Each structure stands twice: as C-alpha cells, then as structure tokens.
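Take a look at the structure set out below.
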Amino acid sequence: MLPGMDGTGDLFEPFLSALPSTLRPVVVRYPADRWLDDDEVLAQARRALPDDEPFILLGESFSGPIALKLAAEHPLGLRGVVLAASFARYPNRALALLKPMATWVPMHLLPKGAMSVPLLGGFATATRQEALHRAVGRVAPAVMARRARQVLSFDATAEASRVAVTILCLRASRDRIVAAGAATEIAARNPRCTIVDIDAPHMLLQCAPAAAAQAIGDVFEEQEKGSPHA
C-alpha cells in the first residue's frame, strides 16, 4: 500500500480496519524528513514488494503513478493494481502554472478547515480533520512542498498501457482534487482497467473504507474465480 502525498501511511487506518482478515496489508512509508526524487520513491516502493507470495499493489492519490510504474515492471506475484482517487498523470494540467508556488505553500500551517475542504468536503468530521492535520504535521514543510511540485510532473501513461494485470480505479464521485477523466484516460490506454465510482471525496479510503474494500474484493475475487489456476 503506497500512501498519499503525506507519505506517512497513517491515514490508511480506517481502510485497514475494513479489510478482510484474509489480506495481510503492508504499508509503505516515505521519509518525513527527506524528499525522494522519482527514482528514489520508486526504489523504496520496490523494496517493499514480496518475493514469495501473490499480492495486489495499491497506490493512493500521489502514489498512483508509482504503482503503475512498478506494475509495468511485471514483478513476480503481482495479481492486480488498485488506484484510489489517483491518476497516471495529474489530469488538471492547468495547475502546472502553480508549480512555482508549491515550494512555499506552508501546508502545515493551514487551518484544519482549509485543508479539509478540498480533501474531505462534506465528509469532514472532527476525527478525520484531526487525522489529516496530524499526518501532514509530521512531515517537514520542505518535503511536502517538494512533493506538491513532484505530483504535477508525474507521468506514468506509457507504463499504464504496459500493465498486464487488472487495474482497478476507485474513483471518488465528489473528488475536488483529481478529475474523473484521470481514470478514463487509464481505461482508454489499457483494456484491463475497471472503474468503480464511490460516493466519497478525494480522501476516498478514509471516508468510504468499507465501500472501497468491498469493491476490491468484488473485482479480484471474481478474477480468481475466472482464472484456470484458481
């Protein structure tokens, strides 16, 4: 499980609680005090892959392109890819104009409400706002700023077309960060892509964990039933 832009992995907690006991989640955590360039973050994620058992690779938001790049390497044991409110390349290219600003936006100093409006929307609760604020607060401001620039430069569209397993795009129907066209672009490039819309804001795994877990189970259990090796 590759985390969103905070990189802490802490925000996966609601989703982890919703997963069936038959799955053994492995959460990758990016350094909170050091920025990793594209190759370094890919290498860290690659080191976490199991080498002796089947697995599903999940990339949340920021980490979707990383998941696609890893999947395009066809690692042994990979059974599928899940992208949660994510993309192969950031769909709103107009935001690239804001890239120079991303180095000084002090996200850790933003009020809880200011962060939660685009990320949680009408699903905001005191508990979710506090979890978000705490996760972002753990990360050095300079690291968050660099990641904000980095996300605008990611492009895994070529890799998306080379993924040879099922890609499940969990698309948040109330997402204010990632446009609906991001999943559509992946589906246009790879016929193995399935899109499932979930009533949730951008923080889909935090606000609709049970629905996300159910969608993953439905898609991949059906895949196993249809496999001659199941």
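The values are calculated or read from the model by the stated rules, or taken from the named source; none is laboratory data. The shown structure was predicted, so the numbers you read here are calculated from the model rather than taken from an experiment. Here the Cβ is made from the backbone with ideal geometry for all residues, glycine too, and neighbour counts use every protein chain on show. To get the accessible areas, we keep the full protein, side chains included, count just its heavy atoms, and leave off ligands, DNA and RNA. Shrake-Rupley method; radii C 1.70, N 1.55, O 1.52, S 1.80 Å.
Tabulated results
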{"read-out": "Filter result (without any contact (Cβ under 8 Å) to a residue 40 or more places away in the chain, more than 12 Å from M1 (Cβ to Cβ) and either among the aromatic types (F, W, Y) or open to solvent by 40 Å² or more (accessible area, probe 1.4 Å) (or both)) within segment 51-82", "value": "D51, D52, E53, P54, E73, L76"}
{"read-out": "Qualifying helices (runs of 4 or more DSSP H) (wholly inside segment 115-230; at least 3 residues being farther than 25 Å from L36 by Cβ and without any contact (Cβ under 8 Å) to a residue 60 or more places away in the chain)", "value": "126-137, 181-189, 209-226"}
{"read-out": "Residue list for segment 6-39, filter: in a loop (DSSP other than H, G, I, E, B), open to solvent by less than 60 Å² (accessible area, probe 1.4 Å) and aromatic (F, W, Y)", "value": "Y30"}
{"read-out": "Checking P141 against (1) of a type outside the set (D, E, K, R); (2) crowded, with 18+ Cβ neighbours inside 10 Å; (3) more than 18 Å from F87 (Cβ to Cβ), the condition it does not meet", "value": "(2)"}
{"read-out": "Condition met for P3 (within 20 Å of A211 (Cβ to Cβ) and buried (at least 21 other Cβ atoms within 10 Å of the Cβ))", "value": "yes"}
{"read-out": "Test: residue in segment 34-49 that is touching a strand residue (DSSP E or B) at 6+ places or on another chain (Cβ under 8 Å), in contact (Cβ under 8 Å) with a residue 24 or more places away in the chain and more than 20 Å from E185 (Cβ to Cβ)", "value": "yes"}
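Quick grid of which residues meet (1) at pLDDT below 95; (2) surrounded by 17 or more Cβ atoms within 10 Å (Cβ to Cβ):
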{"residue": "L98", "(1), (2)": "yes, no"}
{"residue": "T103", "(1), (2)": "yes, no"}
{"residue": "P111", "(1), (2)": "yes, no"}
{"residue": "A145", "(1), (2)": "yes, yes"}
{"residue": "V163", "(1), (2)": "no, yes"}
{"residue": "I167", "(1), (2)": "no, yes"}
{"residue": "A179", "(1), (2)": "yes, no"}
{"residue": "A182", "(1), (2)": "no, yes"}
